[in-house]
Amino acid sequence: MQDKINQYLAEVEAFSASGNQDTENFRIKFLGRKGLLNDLFEEFKTISPDQKKVMGQELNKLKNAVQQKIDSLQQSTGPVKSSQEGMDLTRPTGAVPYGSRHPLSIVRGEILDIFSRIGFTVADGPEIEDDWHVFSGLNFPPEHPARDMQDTFFIRKKGDNGEDEMVLRTHTSSVQVRAMENQKPPIRIVMPGRVYRNEAVSARAHCQFHQIEGLYIDEGVSFADMKQTLLYFTQEFFGKAKIRLRPSYFPFTEPSAEMDVYWGLQTEADYRITKGTGWLEIMGCGMVDPAVLSASGIDPQKYSGFAFGMGIERITMLRYQIDDLRMFFENDVRFLKQFS
Ligand code: PHE
């Protein structure tokens, strides 16, 4: 028995494998159910008790040597897989299909890209906001209808200790206020984000949607600068060459305007979406009200600026001819897959 053990020890010592399969065969030869070690243990049962003591130690020495050999071989050739599995993890797979971006993300990215080319950077703010940043800091009088329960989701009423009322922001203009409080002019930012309004969900309205806001404040910024910036955006995004500014009202801008794009009246669809006028309303805009500037600590004698804001859903619906706003929030893959 001692001879066999010595012979096997030498064999184990000398063994080298050229791949997983070699190692596996080696393992089966020594440690398998009908392997050499089992044979030796069978033989071990038959020897005399005083021999057992020595032989037991010798057998264990062999067993450990085999196991160590297997461990070190596996380190260099990878773990041995049983032949039944037949799995080769190193084989290349077929092509992994690409997912697709959400249409709102595609359009947001395009808009940010267009403004980044003329020096605008991206700013961000919280969706749960205090009254100051959503309304008061933007010159909304206390009785303004936008604060009405029908529009705003209230999170927390005004506290007894004077804590401000908390709301879900109804527009991204709140980020303007934060930016003006924290940065010194020149400020040139675009602010995309989700906003909330307490409205019934339909094909044209939703209780959550997305806006993108722009703000530019510096010395001597004029209405003409605003018009040129918005014209540039329209040309880049829609490929349309004509805009018009209609007088409008927002509490935080003066003067205020709605910007329309001339869409044209080439096709039947053009008549439908422009209601036969050829014009489409795209965004609200205006010169930042001096009262808003000074409320955020910017000197209106020295600085002026403009702001604009638009709904990302609306623009995406125009871009891809989507008729129902709810599509954006249902995450139906059949819808989403069309935008890869
Ligand atoms: N905050 C306005 C809205 O939600 C849009 C707007 C932004 C108008 C900036 C003017 C300037 O309707």
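Here the condition is being within 13 Å of the ligand (Cβ to nearest atom) and of a type in the set (Asp, Glu); of GLU236, GLU268, GLU219, GLU254, it holds for GLU254 alone. Here region 276-285 is the region considered, the condition is being under 23 Å from GLN211 (Cβ atoms) and surrounded by fewer than 19 Cβ atoms within 10 Å (Cβ to Cβ), and the residue that is nearest to the ligand (Cβ to nearest atom) is GLU281. Counting only helices (runs of 4 or more DSSP H) that sit completely within region 1-52, those holding 3 or more residues that are within 28 Å of THR90 (Cβ to Cβ) correspond to 20-31.
Restricting attention to region 156-188, the residues that are under 16 Å from GLY137 (Cβ atoms) and outside any loop (DSSP other than H, G, I, E, B) total 13. When restricted to residues that are in a helix (DSSP H, G or I) and on the phi > 0 side of the Ramachandran plot, region 298-340 contains 0.
Restricting attention to region 180-201, the residues being modelled with pLDDT of 95 or more, of a type outside the set (Ser, Thr, Tyr) and within 14 Å of the ligand (Cβ to nearest atom) number 9.
Just the residues that are among the charged types (D, E, K, R) and farther than 21 Å from ASN139 by Cβ, please, taken from region 212-245. Selection gives GLU219, ASP225, LYS227, GLU236, LYS240, LYS242, ARG244. Only one of the numbered conditions (1) of a type outside the set (Lys, Arg); (2) modelled with pLDDT of 90 or more; (3) surrounded by fewer than 14 Cβ atoms within 10 Å (Cβ to Cβ) is violated by ALA65, and that is (3). The residues in region 163-179 that are within 13 Å of the ligand (Cβ to nearest atom) and not polar (S, T, N, Q) can be counted, and the count is 5.
Please determine whether any residue of region 51-60 is among the basic types (Lys, Arg), surrounded by fewer than 13 Cβ atoms within 10 Å (Cβ to Cβ) and in the same structural domain as ARG326 (by TED's automatic domain parsing). No, that holds for no residue. Note on region 146-162: among residues that are within 16 Å of the ligand (Cβ to nearest atom) and more than 20 Å from MET310 (Cα to Cα), the one that is modelled with the lowest pLDDT is GLN150. In region 257-297, the residue that is farthest from HIS133 (Cα to Cα) out of those that are out of contact with any strand residue (DSSP E or B) (no Cβ under 7 Å at 6 or more places or on another chain), hydrophobic (A, V, I, L, M, F, W, C) and not in a loop (DSSP other than H, G, I, E, B) is ALA269. Residues that are touching a residue at least 12 places away in the same chain (Cβ under 8 Å) and assigned to a helix (DSSP H, G or I) within region 95-109 comprise PRO103, LEU104, ILE106, VAL107, ARG108, listed in sequence order.
Scanning region 75-85 turns up one or more residues that are in contact with a helix residue (DSSP H, G or I) (Cβ under 8 Å, 6 or more places away or on another chain) and β-branched (Val, Ile, Thr). Checked against (1) at pLDDT below 95; (2) in contact with a helix residue (DSSP H, G or I) (Cβ under 9 Å, 6 or more places away or on another chain); (3) not hydroxyl-bearing (Ser, Thr, Tyr), LYS275 meets all criteria but (2). A single entry from ASP260, ASP299, ASP289 fulfils the requirement of being within 16 Å of the ligand (Cβ to nearest atom) and either touching a Leu at 6+ places or on another chain (Cβ under 8 Å) or more than 24 Å from LYS184 (Cα to Cα) (or both): ASP260.
The values are calculated or read from the model by the stated rules, or taken from the named source; none is laboratory data. The structure displayed is predicted, hence computed values, not measured ones. Note that each Cβ is placed from the backbone with ideal geometry, even for glycine, and that neighbours are counted across all protein chains shown.
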